[in-house]
Amino acid sequence: MTNLNPYLSFKDNAREAMEFYQGVLGGDLEVSTFGDMPDSGTAEGEENLIMHAQLNAPGGLVLMASDTPTGMEYREPAGISVSLSGGSVDTDYLHRAWDGLVDGGTAIMPLGEAPWGGEFGMLVDRFGISWMVAIEDSFA
């Protein structure tokens, strides 16, 4: 089986972001720091930065992230959105996810009735990550 999963890059707050996403989406979070890998080549003081984090959330959602150590160029996220979608059986979960993700962020297009049916919304969360949430009967 082949998977395509979002992998988010942060400057130095990957742990905070991934714990936030776990609180919103649920699931199990696994975290490895640069300090866990003694030969990672990071600068002194960066041992607690996240080398790799993986959130395995309900419904098969896998969200990954890491911090960007000093020796690598960090670029703020742009041009990509994480899409969270499901059918009418997922309505409650998706509404809770929307409410959690938009808390402290900005609703670009509030979650509401979409012209093509179902519901749709777009937001940028408190960490600068763009999200789209779609609730469609056709996904049920």
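Overview of results
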item	result
Residue list for segment 87-122, filter: more than 16 Å from Val24 (Cβ to Cβ), aliphatic (A, V, I, L, M) and without any contact (Cβ under 8 Å) to a residue 24 or more places away in the chain	Ile108, Met109, Ala114
Checklist (1) modelled with pLDDT of 95 or more; (2) surrounded by 12 or more Cβ atoms within 10 Å (Cβ to Cβ); (3) under 15 Å from Phe127 (Cβ atoms) applied to Pro77, failing item	(1)
Flag if Leu4 is in a strand (DSSP E or B), of a type in the set (A, V, I, L, M, F, W, C) and out of contact with any Lys or Arg (no Cβ under 9 Å at 6 or more places or on another chain)	no
Evaluation of Ser83 against (1) surrounded by 15 or more Cβ atoms within 10 Å (Cβ to Cβ); (2) under 19 Å from Trp131 (Cα atoms) (one fails), failing number	(1)
Asp67 farther than 23 Å from Ala14 by Cβ, touching a strand residue (DSSP E or B) at 6+ places or on another chain (Cβ under 8 Å) and among the charged types (D, E, K, R)	no
From Thr42, Thr70, residue being in contact with a Pro (Cβ under 6 Å, 6 or more places away or on another chain), more than 27 Å from Gly117 (Cβ to Cβ) and polar (S, T, N, Q)	Thr42
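The values are calculated or read from the model by the stated rules, or taken from the named source; none is laboratory data. What you see is a predicted model, and the numbers here were worked out from it, not measured in a lab. Here the Cβ is made from the backbone with ideal geometry for all residues, glycine too, and neighbour counts use every protein chain on show.
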